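Heads up: the structure comes next, in structure tokens.
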Amino acid sequence: MASMFSRSASAARNAARRAPRTATTSVVRPSARSYSLLARAIAPSAKAATSIQGARGIKTLDFAGTKEVVYERSDWPLPKLQEYFKNDTLAMIGYGSQGHGQGLNARDNGLNVIVGVRKDGESWKQAMEDGWVPGETLFSIEEAIDRGTIIMNLLSDAAQSQTWSTVAPLITKDKTLYFSHGFSVVFKDLTNVIPPKDVDVILVAPKGSGRTVRTLFKEGRGINSSVAVFQDVTGKALEKAVAIGVGIGSGYMYETTFEKEVYSDLYGERGVLMGGIQGMFLAQYKVLRANGHSPSEAFNETVEEATQSLFPLIGQHGMDYMYNACSTTARRGALDWAPIFEKANLPVFEKLYESVKNGTETKNSLEFNGRKTYREDLAKELKEIDEQEIWRAGKTVRSLRPDYKQ
Ligand SMILES: NC(=O)c1ccc[n+]([C@@H]2O[C@H](COP(=O)([O-])OP(=O)(O)OC[C@H]3O[C@@H](n4cnc5c(N)ncnc54)[C@H](OP(=O)(O)O)[C@@H]3O)[C@@H](O)[C@H]2O)c1
């Protein structure tokens with residue numbers, strides 16, 4: 001499909017109207033290890049940014065006719081954030097993708113952060129490489145929970161269930177229990193994770209990988225996250241959750257519940273975000289190849305144009321903008337075929353949602369990720385994908401990009 005990219009004047013005007021606001025509240029922070037120095041260096045700019053952005057902050061917005069509350073970073077300038085958490089120690093339990101991103105961001109924001117992981121595992125090594133010091137900021141899981149006031153359970157979801165019998169007795173009164181997924185608490189019948197009754201239980205779930213949480217923060221931007229309260233003992237649970245959300249690098253947060261968060265998250269990643277798109281790419285590629293198209297042509301018309309040209313347009317300005325940026329021929333055909341794909345996919349999505357809601361997806365995930373060999377088993381499956389013709393062709397196509405870097 002050929003894209004014109006000679007968008008009409010009205011499309012350009014629409015796009016300008018809808019161009020996303022620049023996140024001027026953010027402060028670009030170097031990833032220095034000494035956060036006290038860093039905090040001193042960035043505090044004045046945080047103040048300046050706040051005064052410019054006084055109009056931003058918590059607000060109710062109309063999302064296509066439904067009113068929702070959003071929380072923005074500008075309500076929590078750095079000095080206020082540091083003051084709020086001055087007596088707290090954030091204990092990152094687990095140092096995978098999220099522990100890394102959230103931990104480093106909170107540390108760079110000048111908060112007291114420690115990491116708790118099993119000694120001499122992969123994460124322990126990774127944490128040391130990132131500047132966490134054994135005995136000072138890096139501890140065993142048990143010791144970190146003991147030292148922490150805000151216990152941020154960022155173990156893999158399967159590990160949260162496996163370790164709960166050890167972790168639970170350490171979550172004593174006055175601590176706060178934090179998750180980045182509703183998984184363990186909502187599916188308690190399968191995970192056995194039942195939080196103690198006398199602590200606040202909160203959630204901030206970044207809508208992206210921990211690597212993105214970190215990259216966006218370093219660029220002075222911020223990931224969008226959802227925020228929820230499961231148990232509010234102090235009456236301050238939501239406020240604390242929002243403040244932590246800012247501390248770990250969120251740009252803005254929208255409110256949800258633990259249940260809604262986990263249902264939508266499991267559904268989305270199995271659907272369009274990952275599984276669905278992988279299935280669509282592969283099906284389209286296979287038909288092109290079966291009809292005699294070369295691997296490069298099949299890959300270009302399936303993945304390369306999508307990721308490099310059209311999907312970014314949808315992300316930046318919306319679906320109608322993408323349509324306006326394409327040829328009249330492309331528009332007509334796509335408009336005709338969209339409802340056919342919708343109809344074919346609707347039953348699959350309905351089945352998927354049911355599979356999430358009835359716990360099947362949780363059961364599968366706990367079984368697979370609870371295996372001792374989960375890393376090796378996953379690596380094997382991913383290698384199989386990497387070896388599929390579509391992705392081998394993709395490597396060569398990518399190498400042709402003028403800005404290609406290995
Ligand atoms: N990744 C995402 O995109 C994302 C996005 C939003 C929310 N979340 C949520 O954030 C949380 C953390 O996710 P993640 O992706 O960062 O996790 P992950 O990368 O899967 O984290 C693995 C961590 O769990 C530890 N671990 C695994 N099995 C263990 C066991 N049996 N005993 C003790 N430690 C064990 C690992 O330590 P070792 O190195 O020692 O094995 C590692 O520190 C989850 O609730 C997840 O759903 C993730």
query: Within the bounds of the range 318-326, is there any residue that is farther than 19 Å from Gly268 by Cβ and open to solvent by 60 Å² or more (accessible area, probe 1.4 Å)?
result: yes
Of residues in the range 104-122 being open to solvent by 30 Å² or more (accessible area, probe 1.4 Å) and in contact with a strand residue (DSSP E or B) (Cβ under 9 Å, 6 or more places away or on another chain), the one modelled with the lowest pLDDT: Lys119
- line: Those residues of the range 372-396 which are assigned to a loop (DSSP other than H, G, I, E, B) and either of a type in the set (A, V, I, L, M, F, W, C) or open to solvent by 70 Å² or more (accessible area, probe 1.4 Å) (or both) amount to Lys372, Glu387
- request: Could you tell me whether Phe368 is modelled with pLDDT under 95, in a helix (DSSP H, G or I) and within 25 Å of Ala283 (Cβ to Cβ)?
  value: yes
query: Taking the range 157-208, which residues are part of a loop (DSSP other than H, G, I, E, B), β-branched (Val, Ile, Thr) and open to solvent by 40 Å² or more (accessible area, probe 1.4 Å)?
result: Thr172, Ile194
query: What are the residues in the range 57-96 that are modelled with pLDDT under 95, open to solvent by 50 Å² or more (accessible area, probe 1.4 Å) and among the polar types (S, T, N, Q), if any?
result: Thr60, Thr66
query: Only one of Val262, Val287, Val233 is in contact (Cβ under 8 Å) with a residue 24 or more places away in the chain and surrounded by fewer than 17 Cβ atoms within 10 Å (Cβ to Cβ); which?
result: Val233
- prompt: Would a scan of the range 219-230 turn up a residue that is farther than 18 Å from Asp75 by Cβ, assigned to a strand (DSSP E or B) and more than 15 Å from the ligand (Cβ to nearest atom)?
  reply: no
message: Out of everything in the range 133-163 that is free of Cβ contacts under 8 Å to residues at least 24 places away in the same chain and in contact with a strand residue (DSSP E or B) (Cβ under 9 Å, 6 or more places away or on another chain), what residue ends up being nearest to the ligand (Cβ to nearest atom)?
response: Thr163
field: Condition met for Thr302 (surrounded by 14 or more Cβ atoms within 10 Å (Cβ to Cβ), part of a helix (DSSP H, G or I) and away from the ligand (no atom under 16 Å from the Cβ))
entry: yes
task: Could you grab me the full set of residues in the range 319-342 that are farther than 24 Å from Gln308 by Cβ and under 29 Å from the mean Cα position of the chain (by Cα)?
output: Glu342
- request: For Thr137, indicate whether it is crowded, with 16+ Cβ neighbours inside 10 Å, assigned by the TED database to the domain that holds Ser97, of a type outside the set (Lys, Arg) and out of contact with any Gly (no Cβ under 6 Å at 6 or more places or on another chain).
  value: yes
Filter pass, Thr212 being within 14 Å of the ligand (Cβ to nearest atom), among the hydroxyl-bearing types (Ser, Thr, Tyr), under 22 Å from Leu366 (Cβ atoms) and modelled with pLDDT of 95 or more: no
query: Which residues, counting only those in the range 374-402, are among the acidic types (Asp, Glu) and under 12 Å from Leu282 (Cα atoms)?
result: Glu389
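The values are calculated or read from the model by the stated rules, or taken from the named source; none is laboratory data. Since this is a predicted model, take the numbers as computed values, not measurements. Counting neighbours? That spans all protein chains shown, and the Cβs are built from the backbone with ideal geometry, glycine included. Surface areas here come from the heavy atoms of the whole protein model, side chains and all, with no ligands, DNA or RNA. Shrake-Rupley method; radii C 1.70, N 1.55, O 1.52, S 1.80 Å.
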